[in-house]
1. Of K21/K79; K21/K62; K13/K62; K21/K133; K62/K93; K21/K60, which ones are farther than 25 Å apart at the Cα?
2. Please list, in order along segment 105-110, the HN-Hα scalar couplings obtained from phi with the Karplus expression 6.51 cos²θ - 1.76 cosθ + 1.60 (θ = phi - 60°), rounded to whole Hz, x for Gly and Pro.
3. Skipping prolines and chain starts, which residues have an amide H placed within reach, meaning under 5 Å, of the one on T132, given they are 5 or more residues away or on another chain?
4. List every residue whose amide H lies under 5 Å from the amide H of E65, counting only residues 5 or more places away in sequence or on a different chain, with H placed 1.01 Å from N in the peptide plane.
5. Would you work out if segment 1-113 is rounded, prolate or oblate? Take a ≥ b ≥ c from the square roots of the eigenvalues of the alpha-carbon gyration tensor; rounded if a/c is under 1.5, else prolate when a/b is larger than b/c, oblate otherwise.
6. Give the shape of segment 45-110 as rounded, prolate or oblate, defined through the alpha-carbon gyration tensor: a ≥ b ≥ c are the square roots of its eigenvalues, a/c under 1.5 means rounded, and otherwise the shape is prolate if a/b is larger than b/c and oblate if not.
7. Residues of segment 96-129 with the amide nitrogen closer than 17 Å to a label point 7 Å from the Cα of A70, along Cα-to-Cβ, please.
8. Taking θ as phi - 60°, what are the ³J(HN,Hα) couplings along segment 35-43 by the Karplus curve (6.51, -1.76, 1.60), each to the nearest whole Hz, with x for Gly and Pro?
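Read the figures in this text as sums done on the coordinates, not as results from a lab. Since the model is a prediction, treat every value here as computed from it, not as a measurement. Cβ: placed from backbone, ideal geometry, glycine included. Neighbour counts: every protein chain shown.
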Amino acid sequence: MAMWIEVRVRYGKMQENGTIKNVCEPYLVDALSCTEAEARVTTELTPYIGGDFNVSNVGKTKISEIFWDATGDRWYKVKVNFITLDEKTASEKRSASYILVQASSFRQAYDNFEEGMRNTMADYEIESISETKIMDVYPVELTFQQETDKTLNSPKVKHHVKKFVDACAEGGVESVTMTAFDGNAVQTATINISNKPKPHDNG
C-alpha cells in the first residue's frame, strides 16, 4: 500500500516580472520513509531549481489513494466518508478517507473522483473538495528487477505456470518457444519435447 509523504521545499523563484520571490512549495512522494521521500524530491528538483533550495519539512499524509488525470494541472483533496452499518446497534458508522484527485477545475475534480469510485461497492458521501498547493506528485519508481518480481509473483502468472507444468507432466506439451531481446535484435529458439513414453526399467 502506498504511503504518501509530503516534502516542502523552500527556494527563490523567478517571477514573471523578473524578481525573485521566496516560496515554499509542497511535493508528494510515494516512499517507504521520510528520508527516501526527501532524497527523491531532491533528485527530481535539482535539474530544474539547481542547488539553491532546501527542504523545510517532511511528513506523512493521510492520503490513501490518488486518481490521476494527465490533462489536469492541479491537485484537489477529497474528504470522503465511507458508510457502514453497525449490525449490533443498526446505526450508520462513517470513516473518513482522503483521496487526491488530479484535475484542471473543481468540477473536473468532482467528475474524476466519481469516475474513480465507479466500481466501488461501498456507500460513501463527499464531505469536502478543496484545491491544494501541491506542485507535483511522484509515484514509486520500481527497478526492472522489482517489476519483474512483481509480474512473476502475480496470481495470473502463477496460474499459467501451474497449467504449463501440469501439461508437461501429462505429456501435453510438444514444444517450447523462447524469445530473448538484447536491446538490438530478437532471438527465438524452439525446443521440441518428445512425448514418446520412456522405456520401463525392469532392472
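1. Working: K21/K79 32 Å; K21/K62 30 Å; K13/K62 29 Å; K21/K133 16 Å; K62/K93 19 Å; K21/K60 27 Å.
Correct reply: K21/K79; K21/K62; K13/K62; K21/K60.
2. Values, residue by residue: 7, 4, 4, 5, 4, 4 Hz.
3. Excluding prolines and chain starts, which carry no amide H, the hits are W75, Y76, K77.
4. Here L100 satisfy the definition.
5. On the way: a/c = 2.97, a/b = 1.88, b/c = 1.58.
The shape class here is prolate.
6. Numbers: a/c = 4.83, a/b = 2.00, b/c = 2.42.
Oblate is the answer for segment 45-110, as a/c is 1.5 or above yet b/c matches or exceeds a/b.
7. Under cut-off, by backbone N: 102-104.
8. Result, rounded to whole Hz: 5, 5, 5, 4, 5, 5, 5, 4, 5.
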